[in-house]
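Below you'll find the structure, written out as structure tokens, and then a few comments.
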Amino acid sequence: MISETLEIISASTPGWMADALCGNGDYDPEDWFPGEGEEYAARVVRAVKVCRICPVENKCLRLAYETRDGWAVMGGTTARQRARVISRIRRKRNGWKA
């Protein structure tokens, strides 16, 4: 599944992704697709550490929000974290006070 996902991503890859550290072959690609279970937290920690030093972290985060990615660690955030931010934004737009 991960290899098929990576093939889909690479077929429509923005040019700036060539500078992304996650795709340079030095890291385990599964860390950016942590799934569920026992390894989830460790994979996320490893991925986020790399994201924090990546030269395209902000562009990647923007892409994650634009595409509503629901799987990968992108721009130093998990899909769950981004979903919470989107939920907060929607509640504020609808007049809900936090």
- prompt: How about the stretch 25-71: which of its residues are of a type in the set (K, R) and within 13 Å of R82 (Cβ to Cβ)?
  reply: R62, R68
- line: Quick count over the stretch 69-98, residues being under 23 Å from L21 (Cβ atoms) and charged (D, E, K, R), is 3
query: Can you name every residue in the stretch 43-61 that is out of contact with any Phe, Trp or Tyr (no Cβ under 8 Å at 6 or more places or on another chain) and farther than 14 Å from A72 by Cα?
result: K49, R52, I53, C54, P55, N58
task: Looking only at the stretch 10-17, decide whether some residue is loosely packed, with under 15 Cβ neighbours inside 10 Å, among the hydrophobic types (A, V, I, L, M, F, W, C) and not in a loop (DSSP other than H, G, I, E, B).
output: yes
query: From the list T13, T78, which one is among the polar types (S, T, N, Q) and at pLDDT below 90?
result: T13
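The values are calculated or read from the model by the stated rules, or taken from the named source; none is laboratory data. All of these numbers come straight from a predicted model, not from anything done at the bench. As a convention, Cβ positions derive from the backbone with ideal geometry for all residues, glycine included, and neighbour counts pool all protein chains shown.
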